[in-house]
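What follows is one structure encoded as structure tokens, with my remarks underneath.
The values are calculated or read from the model by the stated rules, or taken from the named source; none is laboratory data. The structure presented is a predicted model; accordingly, all values stated were derived computationally and were not measured. Cβ placement follows ideal geometry from the backbone for every residue including glycine, while neighbour counts extend to all protein chains displayed. Quick note on the areas: whole protein, heavy atoms, side chains included, nothing else; ligands and nucleic acids left out. Shrake-Rupley method; radii C 1.70, N 1.55, O 1.52, S 1.80 Å.
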Amino acid sequence: MTARIDAAIFACYNPSPDVTARIIVVSRIVRNVYVIDDGSDVSHIACYAPLRAFGNIELTLKKRNSGIANSLNRGFDAALANGCRFILTLDQDAIVDRSLFSALDTNVALLESTVPGEWGVVGPGILNGTRYTRATSGLVETAEIIQSGAVFNSLGLLCAGTADESLVIDSVDTDMCLRFRRAGFRVYADTALEITHPVGSGNSIELLGRRIAVTGHSASRRYTMTRNRLEMFRRHGGHEPRWLMTAVRRFLVSSVISVTIEDHRADNLRAILLGCRDFAGRALRAERSARAYVDDSAADTVGEVAVVLVVHNGVRYLEEQVRSILRQTLPPARFFLVDDGSTDGSVELVEKLIARDGRTSLVVLSAGRPRSPDLYTRIATNYVQGMVAAAGYRFIALSDQDDIWEPDRLEYQRERLRATGARLTAANGALIGPDGLTIGRTLRDEFPVPAGWTDMGPDSRLRAILRSPMATGATMMLDRRLLRTALPVPAGWLHDRWFSLVGVARDEADFDDRPVIRYRVHSAQAVGIADSAERKVVRWTLGRVRRPRAAARKMRDLAVTLRAATPDPDVRLNLSWPRILSAYLRPRPAR
């Protein structure tokens, strides 16, 4: 049976020479292995030399130490860019063998068959003899597990985010687990599975009949442990009261032991006090910085709408677009701006307009790395980055940088999603020229919905949308729950095309003929409908001649990824290879 776990990440710093053997063992089990060295001394780098003989091991040597969170993110970025779905993370001193991997892989298969799209992390339930839960058999849902030996679901990473690099080293795994849970992804511990991992000095004492770890961490480490643990209490305590009670007790016990039993007690006390002081100052700064942090109340504002706008040197039409968004009858609760390397003042313009309006807040995101050379993938990645950041809001509206919205777009589409129960709605739009004047056509003329769509069965709808697109992202609003099944967007697809396919395949898409935007057609569009229909057909046909591998990958995405996301067996029949070939390769007629 093919392994489900398709990537492993080793985060290393000044490793012992035997780390090489552990990495090689994993490389013989997992297809993709990413070794991230966190600025080790030169004397430790030589141990990596044997790894260069293995084609599936990718070694990254960072120039300076920037913490385990950064190392994990380097690995996550590489694995996600390579299309990996289930990613195992390991510290350099974790002891891993085939039996551990086999058990984790079995857990992944079980969760994918029982709770697909609902789990985020799974890992050993026993660390150095200590259990996370009182249960002694089976997979058990828990609040947190250590990241070393844990398998992360790529869908959870895309929706809940990767590691918080501001934490540097301590509580990184705690924060990820609790963010996953808050985003609706469960965290599981295998109560029969143990991982051995050195923690501090590895000593322990017996206190009141219980075995208590004495880590012997340095004072500098005690500082980050204190600061970050308090930050965890602030971020997640209100949403995880049971976890909070246990975590506070453990933190207090650990702190007391560090200043009464462990060595360097005075240094530890100063470190704890300094950590408390810096946490207080950090928390105050965070409350004042709306741009740096998404408001904790966002996850509870289920009726509000967030807007995701991607810009790239769009200043020519951008002001008119942003003003039309700010004039909505239902103002957006938050504005997520993804900047793809603008140099014309686009970001500064949006900041000025939103600050002047004063009714909504702005979060500015820089386009993710690495940027894909494929235009469709790059555009989709930018929008997905914005949607993941906006996933604390129930409804998310997508925006181009050069259109004009009708005043009630947000209110109208939100109510339509509520009324229909759909998780995606795509409306119509009147086409306008560069001067803003209508040109007598609509988006429905370019992306027609077949007559009798509402009376068609789900399988007929899927066949129809496989043959021809019916929506553009500029008119889309989605329920964040769609992200669980639609992400990640496969490479080579535009986000709106993939989302509409997933929505129709799952019978969760709504197509509306009412115009909600004025869609601007101009020669500077990165992707649009400015070309004539004849030129589109020629370009589409040539694309399949010149890029047969890309076409084959897309058919595979339909036959494998989209099919797996489709619950109706009758609809899945249309995602067999023969039926995809007949629908997907049929040239679209000029309109």
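Condition check: without any contact (Cβ under 8 Å) to a residue 60 or more places away in the chain, over 22 Å from A505 (Cβ atoms) and out of contact with any Ser or Thr (no Cβ under 7 Å at 6 or more places or on another chain). Does L375 satisfy that? It is false that L375 is without any contact (Cβ under 8 Å) to a residue 60 or more places away in the chain, over 22 Å from A505 (Cβ atoms) and out of contact with any Ser or Thr (no Cβ under 7 Å at 6 or more places or on another chain).
Out of I36, I68, I9, one residue alone is closer than 20 Å to D164 by Cα, of a type in the set (V, I, T) and open to solvent by 10 Å² or more (accessible area, probe 1.4 Å). It is I68.
Can you tell me which residue within the range 218-227, out of those that are among the polar types (S, T, N, Q) and modelled with pLDDT under 90, is surrounded by the fewest Cβ atoms within 10 Å (Cβ to Cβ)? Full working, then the answer.
Here is the first cut: in the range 218-227, the ones among the polar types (S, T, N, Q) are 218, 220, 224, 226.
Imposing the further condition that a residue be modelled with pLDDT under 90 reduces the set to 218, 220, 224.
Numbers: S218: 14, S220: 11, T224: 19.
Step by step, filter the range 218-227, then rank; the result is S220.
Looking across the range 440-458, the residues that are surrounded by 12 or more Cβ atoms within 10 Å (Cβ to Cβ) and either small (G, A, S) or not in a loop (DSSP other than H, G, I, E, B) (or both) come down to R441, T442, L443, R444, D445, E446, W453, G457, P458. With respect to the stated conditions, R235 fails to be open to solvent by 60 Å² or more (accessible area, probe 1.4 Å) and either at positive phi or at pLDDT 65 or above (or both).
Close Cβ contacts (under 7 Å, 6 or more residues apart or on different chains) running from residues in the range 570-584 that are closer than 9 Å to R463 by Cβ to residues that are open to solvent by 10 Å² or more (accessible area, probe 1.4 Å) comprise N574/D459; N574/R463; A583/R463; A583/R467. Where helices (runs of 4 or more DSSP H) fall entirely within the range 304-395, those with at least 2 residues that are in contact with a Gly (Cβ under 9 Å, 6 or more places away or on another chain) and open to solvent by 30 Å² or more (accessible area, probe 1.4 Å) are at 315-326, 375-389.
Listed conditions (1) buried (at least 23 other Cβ atoms within 10 Å of the Cβ); (2) out of contact with any strand residue (DSSP E or B) (no Cβ under 9 Å at 6 or more places or on another chain) are all met by V121, apart from (2). There is no residue in the range 494-507 that is open to solvent by 40 Å² or more (accessible area, probe 1.4 Å), modelled with pLDDT under 90, under 26 Å from R553 (Cα atoms) and charged (D, E, K, R).
Any chance you could count how many residues in the range 459-490 are of a type in the set (A, V, I, L, M) and either open to solvent by 50 Å² or more (accessible area, probe 1.4 Å) or assigned to a helix (DSSP H, G or I) (or both)? Let's see the steps before the verdict.
Of all residues in the range 459-490, those of a type in the set (A, V, I, L, M) come to 462, 464-466, 470-471, 474, 476-478, 482-483, 486-487, 489.
Next, only the ones that are either open to solvent by 50 Å² or more (accessible area, probe 1.4 Å) or assigned to a helix (DSSP H, G or I) (or both) stay: 462, 464-466, 474, 482-483, 486.
Qualifying residue count for the region: 8.
Search the range 560-583 for residues being of a type in the set (G, A, S) and under 16 Å from A464 (Cα atoms), and hand back the single one that is surrounded by the most Cβ atoms within 10 Å (Cβ to Cβ).
Here is the first cut: in the range 560-583, the residues of a type in the set (G, A, S) are 564-565, 576, 582-583.
From what's left, under 16 Å from A464 (Cα atoms): 576, 582-583.
Working: S576: 12, S582: 13, A583: 18.
So the residue we want is A583.
Here S43 passes the criteria (1) within 25 Å of C84 (Cβ to Cβ); (2) more than 29 Å from the chain's Cα centre (by Cα); (3) among the hydroxyl-bearing types (S, T, Y) except the one numbered (1). Taken as a whole, the range 398-410 holds at least one residue that is out of contact with any Lys or Arg (no Cβ under 8 Å at 6 or more places or on another chain) and either part of a helix (DSSP H, G or I) or free of Cβ contacts under 8 Å to residues at least 60 places away in the same chain (or both).
Could you tell me which residue of the range 7-54 is nearest to N65 (Cα to Cα), considering only residues that are touching a Ser or Thr at 6+ places or on another chain (Cβ under 6 Å) and assigned to a helix (DSSP H, G or I)? It comes out as C47. Could you tell me how many of the residues in the range 158-217 are among the hydroxyl-bearing types (S, T, Y), touching a helix residue (DSSP H, G or I) at 6+ places or on another chain (Cβ under 6 Å) and at pLDDT below 75? Residues flagged as among the hydroxyl-bearing types (S, T, Y), touching a helix residue (DSSP H, G or I) at 6+ places or on another chain (Cβ under 6 Å) and at pLDDT below 75 within the range 158-217 amount to 0.
Inspection of the range 98-112 identifies at least one residue that is within 21 Å of the chain's Cα centre (by Cα) and open to solvent by less than 20 Å² (accessible area, probe 1.4 Å). Residues in the range 493-512 that are within 12 Å of T425 (Cα to Cα) and touching a residue at least 60 places away in the same chain (Cβ under 8 Å): 10 in all. Looking at the range 124-171 only, could you name the residues that are among the polar types (S, T, N, Q) and either closer than 23 Å to V33 by Cβ or surrounded by fewer than 20 Cβ atoms within 10 Å (Cβ to Cβ) (or both)? N128, T130, T133, T136, S137, Q147, S148, N153, S154, T162, S166 - these are the residues of the range 124-171 that are among the polar types (S, T, N, Q) and either closer than 23 Å to V33 by Cβ or surrounded by fewer than 20 Cβ atoms within 10 Å (Cβ to Cβ) (or both).
Restricted to the range 76-188, the set of helices (runs of 4 or more DSSP H) holding at least 1 residues that are of a type in the set (D, E) comprises 98-114, 172-182. Within the range 337-353, residues that are more than 13 Å from L365 (Cα to Cα) reach partners that are of a type in the set (S, T, N, Q) and open to solvent by 20 Å² or more (accessible area, probe 1.4 Å) with beta carbons closer than 6 Å, at six or more positions or on different chains, in the pairs D344/N313.
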